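The structure under discussion appears below in the form of structure tokens.
Please treat every number below as a calculation from the coordinates, not as lab data. A quick note: this is a predicted structure, and the numbers were derived from the prediction, not measured. Note: ideal-geometry Cβ built from the backbone for every residue, glycine included; neighbour counts use all protein chains shown.
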Amino acid sequence: MSAALIAFAVLFVLLFLGLPIGLAMGLVGVVGFGLLIDWTPAFALVGQIAIDNVMNYNFSVLPLFILMGALFAHSRMADELYEAGNAFLGHYRGGLAMATILACGGFSAVSGSSLACAAAMTKVSVPIMRRYNYAPGFAAATVAAGSTLDILIPPSISMVIYATLTDVNLGKLMMAGFLPGLLTIGCYIAVIVAVTSIWPRLGPAGARTGWRDRLRASRDVWPMVLLFTVVLGGIYVGVFTPTEAAGIGAFGAFVLAAARRRLTRAQIASMILDTALTTSTIFFVVIGALLFANLITASGSAAALQQWVASLNLPQTALILVLLAIYIVLGCMLDASAMTVLTVPIFFPIVTQAGIDPIWFGIFVIIVVGIGMITPPVGLLLFVVRAFVADVTVRQVFYGILPFFVGDAVRIGLLILFPGIVLVLPQMMK
Amino acid sequence: MAPARLTLRVAARSALIGALGVTVYGMMALTFVDVAGRYLFNAPLGGAKELTEVLLALMVFGAAPLVTATRSHITTALFESAMKGSVLMIRNCVIAIVSALCCAVLAWRLWVQAVEMADLKGGTPLLGVPLAPVFYAMAILSGVCAVLTLVVAATAPPKPASEIPT
């Protein structure tokens, strides 16, 4: 146990110093394994784990879904989603913020990365909210909260990583995210309604849109709905595996973007770079985290922890609440992929041993990882959003995000009380 | 001299984008043709899976030097803004050297794997695409990352804390 604690302590020092997450985890993993067991296998694992993972067919979904999201982002889809949301909701108090949450949800349905969602939606929605005198911190925080939907509503990078680590069926996991995604949209919109009723100056009403413009705005969104239906429907019915669906989705997005003549050469180039770069950074984290997790397993700490938790005989709910606390603390320091790769191999056996459904736990992990990404002081999404609205202070964004935690508490409570929200769709699949 | 170097950089950039484009769009096209072939013509594309795996490996390591050059690695820069002057400089040096070492170890281990694969003359199961060259490429690209890390640290101004990769 002490070896693992030292490993974690060294890791956090390196992370705070600013060593890239993947390299830091890999370094501690290899050096720790070398000191604890033997240097020859420690080094041998580096090449082996790197090759096994970059040549893992299951992981090829990652670039395909990232490409699909990039194609939509570059074909002005984020703008169209937001315009559609605005057309229907903009004239209500807080309506532009509600439209932001809806548009984030829509964007999530074609994209798998919360960072991508935050980057795309901030540029689109924050300027409009500010034109209508929204409080800047509240506007920015809304986008950050909405972006956590991206890893929950399929496709999702975190789901791919979770499924690959645990051998849970990725198709079922994707279906399982759908209803909790809708629930989250509902909770966040309720938060916006409540906040703007109490403090109307945070989000004044925007302009009303006529029905003609509403229809036009909805017409722009249908191709995306169609593609989402084909991709998810295909997985649900069992026609495609997730990888195949990702290939079809990316191809469909490419055809749609090309048909709308939205693809310039420069954009195609930047999409290629985006996709390859994002994929590469994720793999550095995945490989590093696997090396680190390997040390934790080899040190016997994972097994010791598992036995210890089993001996406590905690009720399921208590176990879940403890894990929730751990994830929120870790989420302050690590990004979503790192946290998933690092924690799931350790917690998964404990959780399944306690009789918790592996798919339910996957969705739980993805939700709490998302919450970690918007938790001050280090919530990554808060900083991504703020990077695009330079005149908003960090403090303003931190205050803005606070009300959304009420929504988070409600949705997590509901998922614990009614696990069916997660499990009903995957159970209906073959 | 300067324009020639500029042209060279543009050419290198285009070549890199082209190569990565082959991996990204190649993967998309392979999957699509495979699925379409299976359902429409009852003839799946033999070896689509293993080609996809090779393309994935080349994409990840092909983009790795770019990740290094643009400093897009995911970091947790908590106390970055708290450090100033010589402390910040020392910290930047340490980070660069440690990062470079990590990449160098990765390069070394991949090279070892590549040599083994070359001895075995190993290839992909269906099409027999030789894997040793793929592993050598991965090793060399990791080595490039190690060198680039040091070059970037020595030449580029420190990255502002707010700049997080998207």
- Item | Alpha-carbon centroids, segment A:250-308 and segment A:326-394: separation in whole Å | 16
- q = 0.24, 0.28, 0.30 Å⁻¹: log10 I(q)/I(0) that the Debye formula gives for segment A:1-50, counting C-alpha atoms only: -0.89, -1.04, -1.09
- Among B:C102, B:G46, B:T31, flag the residue with its Cα farthest along the positive direction of the charge dipole of segment B:2-163, charges on Cβ as +1 for Lys/Arg and -1 for Asp/Glu. B:C102
- Measuring from the longest principal axis of the C-alpha atoms of chain A, the long axis of helix A:157-166 (C-alpha) lies at a number of degrees, nearest 10, equal to 30
- For segment A:207-239 and segment A:1-68, write down the distance between their C-alpha centroids in whole Å. 40
- Item | Angle between chain A longest axis and helix A:114-131 axis [Cα atoms, degrees, rounded to 10] | 30
- Note on the structure: Total charge of the residues flanking A:E80 in space, meaning their Cβ is under 12 Å from its Cβ, with Lys and Arg +1 and Asp and Glu -1, is +2
- Of A:C117, B:C93, A:C187, how do they rank once you tally other Cβ atoms within 10 Å and put the fewest first? B:C93, A:C187, A:C117
- Query: Which aspartates and glutamates have a Cα lying under 15 Å from the Cα of A:K172, excluding residues fewer than 8 positions away in the same chain?
  - Reply: A:E244, A:D357
- Rounded to one decimal in nm, the spacing of the 7 Å Cα→Cβ label points at A:V424 and A:R76 is 3.9
- Item | chain A, dipole about Cα centre (Lys/Arg Cβ +1, Asp/Glu Cβ -1), debye to the nearest 20 | 1480
- Task: Specify the inter-centroid distance of segment B:1-70 and segment A:96-125, based on alpha-carbon positions, in whole Å.
- Result: 27
- For segment A:195-242, what does the alpha-carbon gyration tensor say about shape, rounded, prolate or oblate, given a ≥ b ≥ c as the root eigenvalues, a/c under 1.5 as rounded, and a/b over b/c as prolate? oblate
- Message: If you consider only alpha-carbon coordinates, what radius of gyration and Dmax does segment A:296-375 have, in Å?
- Response: 12.2, 34
- Query: On the first, second and third principal axes, largest extent first, how far apart are the outermost C-alpha atoms of chain A in Å?
  - Reply: 70, 46, 44
- The local net charge around A:F348, scoring Lys/Arg +1 and Asp/Glu -1 for residues other than A:F348 whose Cβ lies under 13 Å from its Cβ, equals -2
- Quick one: A:H91, B:H73, fewest Cβ neighbours within 10 Å first, how do they rank? A:H91, B:H73
- Query: Given the Cα atoms of segment B:1-130, and with Rh set as the inverse mean 1/r over their pairs in the Kirkwood sense, what is Rg to Rh to two decimals?
  - Reply: 1.11
- Message: How big is the dipole moment of segment B:2-163 about its Cα centre under a simple scheme where the beta carbon of each Lys and Arg is +1, that of each Asp and Glu is -1, and everything else is neutral? Debye, nearest 20, please.
- Response: 480
- A:I51 neighbourhood, Cβ < 15 Å, K/R = +1, D/E = -1, net charge -3
